[in-house]
1. I'd like to verify a number: residues in segment 62-102 that are more than 17 Å from THR50 (Cβ to Cβ), of a type in the set (Lys, Arg) and surrounded by fewer than 16 Cβ atoms within 10 Å (Cβ to Cβ), how many?
2. Could you count how many residues in segment 42-73 are in a helix (DSSP H, G or I) and in contact with a Leu (Cβ under 9 Å, 6 or more places away or on another chain)?
3. Which residue is modelled with the highest pLDDT, if the candidates are limited to segment 34-74 and must be over 21 Å from LYS109 (Cβ atoms) and acidic (Asp, Glu)?
Amino acid sequence: MNTVEKKVGMAIVAFVGSVLVLSAPAWSGEKKEMDETKKAVEMSKTAKVTVEQAIKTATEKVAGKVIEAELEKKHDKAVWEVEIVGADDKVKEVHVDADTGAVIDVEEKGAEKKSEKKRKGK
């Protein structure tokens, strides 16, 4: 094998290695997403409150347009997280207990990050 063939071979090996390394995070991201979906499916089987009921409860608490509703595990319980855009263009998360249907709390999305930046002087 001459030096040109060796260089081409090394370049191909380097390229293939780069592709494999760079695509690995995409594979792990897909696996994480599948795991989260599987958890949500399992939680939905035991949740007594449907997404429709959670959205109705959330919009009674916070006026606006629902942009997302997701079943999550928070504080060792299943919670519907309903995101609503208000007339002030701020997004609020309404957390609804998936077993009782009670509103647990309402948070302004991004408010925590803003207060952390103020404390850090940013």
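1. 4
2. So the count comes out to 4.
3. GLU52
The values are calculated or read from the model by the stated rules, or taken from the named source; none is laboratory data. What you see is a predicted model; the values in this text were computed from it and never measured. Ideal geometry is used to build each Cβ from the backbone, glycine not excepted, and the neighbour counts take in all protein chains shown.
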